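Enquirer: After the structure tokens below, expect a handful of questions from me.
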Amino acid sequence: MKIYHNIFDFSTQKKTVVTLGTFDGVHLGHTKILEKLNSNPNAETLVLTFFPHPRMVLQQGDFKLINTLDEKAQLLAKTGLQNLIIHPFSQEFSEMSAEDFVTKVLVETFNIQKIIIGYDHRFGKKRAADINDLIVFGKKYNFEVEQIEAQEINDISISSTKIRNAINEGEIELANKYLGYHFFFTGIVVEGKKLGRTINFPTANISLSENYKLVPAQGVYIVKSEIKGKVLHGMMNIGTNPTVGENHQTIEVHFLNFNENIYNQEIQISVLKKIRHQEKFSSLDALKQQLEQDRDVTENYFKLND
């Protein structure tokens, strides 16, 4: 898969089949669109997406994403997509009229043969144009518009917003069901306070690679990772360590049967199941007892599911 970071860096003599959107999560609903895209063997396939996410630019607030750009590219590459364009989204770009977008981008730059798009997609300045306008433009500029009907989307009933809400609420198994894969994140192992070692539960402290990455709700989760070609099972705490009076949120993973130095390594953590909410314990001994129970739950999970 070729990746471009600007619409106008792309050029081709071949006809293209295009879809566009934010594709945050690359979930099962997106997969349905990508399957349609890849069923056109006589044209190049192309996904146009944007960064920052339009809501980061056009709306107030701290908006988090299911995938980082690298994660999104990794997931899209697995589908067999040929070309991914990640265009910088800006206030200026949002002011482009629908017809300018069609002529300058789809027709002149992408050499479009067909666009595959959801029935409810809106585009152009103030998102004023819809699928009906696109069909008119298709007839005018000689490209096909394949509409993904409401029924097809409702059959799956998935959206990135539903998945974000599930992750925010710690409903990780529901999120994974919608995604069609285990939610994951990537980070660097950094030094922590090494408190876990004092109670025989050493942890890898994870610093996220991107600050816009969505983090699950505070609590304890069953996770897995791969380090040096070896799949590791573990339990992860996302929280503020209230038992020892801290208030800074950390992400710490205790890997089962693993005690190697992995500081400064980049690792990817897949989140499988939530065990419990964050709790404040009366002492470190009480915390240790709970962690031993969490470890038992984790070990039993992998005995049944691995």
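The values are calculated or read from the model by the stated rules, or taken from the named source; none is laboratory data. Everything numeric here is computed off the predicted structure, so don't read it as measured data. Cβ placement follows ideal geometry from the backbone for every residue including glycine, while neighbour counts extend to all protein chains displayed. Ligands, DNA and RNA are excluded from the accessible area calculation, which covers all protein heavy atoms including side chains. Shrake-Rupley method; radii C 1.70, N 1.55, O 1.52, S 1.80 Å.
Enquirer: On a 0 to 90 degree scale, rounded to 10, what angle separates helix 284-305 from the longest Cα axis of the chain?
Expert: The two axes meet at around 50 degrees.
Enquirer: A further question follows. Carbon and sulfur: what percent of the chain's accessible surface (1.4 Å probe)? Provide the component values of the computation, followed by the final result.
Expert: Details: 7080 of 15530 Å².
It is 46 percent, rounded to a whole number.
Enquirer: At 222 nm, what helix-only mean residue ellipticity would the chain give, in deg cm²/dmol to the nearest 500, using -39500 (n - 2.57) for each DSSP H run of four or more?
Expert: Taking each H run of at least 4 residues, the total per residue is -8000 deg cm²/dmol.
Enquirer: Let me ask something additional. Longer than 32 Å from Cα to Cα, which of Lys36/Lys104; Lys72/Lys280; Lys224/Lys280 are they? Say none if no pair is.
Expert: Beyond 32 Å: Lys72/Lys280.
Enquirer: Continuing with this model, one more query. First measure r as the distance between the Cβ atoms of Asp133 and Ser90, then evaluate 1/(1 + (r/R0)^6) with R0 = 35 Å and state the FRET efficiency to the nearest 0.05.
Expert: The calculated FRET efficiency here is 0.95.
Enquirer: On to the next question. Here are some values of Kirkwood radius over Cα pairs in Å: [x] 26.6; [y] 21.4; [z] 19.9. Which one was computed from this structure?
Expert: [y]
Enquirer: Turning to a different aspect of this structure: In nanometres, what is the gap between the two model label sites at Lys36 and Lys140, each 7 Å from Cα along Cα-to-Cβ?
Expert: Using points 7 Å along Cα→Cβ, the separation is 2.2 nm.
Enquirer: How much accessible area per residue does the chain have, in Å², with a 1.4 Å probe?
Expert: Spelled out: the 1.4 Å probe surface of the chain, per residue, equals 51 Å².
Enquirer: How far apart, in nm, are two points set 7 Å out from the Cα along the Cα-to-Cβ line at Leu284 and at Asp306?
Expert: 2.8 nm
Enquirer: Still on this structure: For Glu260 and Met56 in the same chain, what is the full-extension length gain: residue separation times 0.36 nm, less their Cα-Cα distance, in nm?
Expert: Extending this stretch completely gives an extra 69.5 nm.
Enquirer: Computed FRET efficiency, Cβ-Cβ of Glu99 and Lys78, R0 41 Å: what is it to the nearest 0.05?
Expert: According to the calculation, E is roughly 0.75.
Enquirer: Now for a separate question. Starting with the highest mean, order 126-133, 16-23, 213-220 by the number of other Cβ atoms within 10 Å, averaged over the residues of each peptide.
Expert: Ranked from most to least packed, the peptides come out as 16-23, 213-220, 126-133.
Enquirer: What is the packing order of peptides 258-264, 204-210, 28-34, taking the mean over residues of other C-beta atoms within 10 Å and listing the highest first?
Expert: Values: 258-264: 11.1, 204-210: 17.9, 28-34: 20.1.
Ranked from most to least packed, the peptides come out as 28-34, 204-210, 258-264.
Enquirer: Rounding to the nearest 20 debye, state how big the charge dipole of the chain is about its Cα centre with +1 on each Lys and Arg Cβ and -1 on each Asp and Glu Cβ.
Expert: With Lys and Arg at +1 and Asp and Glu at -1, about 160 debye.
Enquirer: Sticking with this structure for a sec: Applying 1/(1 + (r/R0)^6) with R0 = 35 Å to the Cβ-Cβ distance of His277 and Ile188, what FRET efficiency is obtained, to the nearest 0.05?
Expert: For His277 and Ile188, the calculated efficiency is 0.85.
Enquirer: Can you tell me how much longer the chain between Gln293 and Glu210 gets when fully stretched, taken as 0.36 nm per residue apart minus their C-alpha distance, in nm with one decimal?
Expert: 26.6 nm
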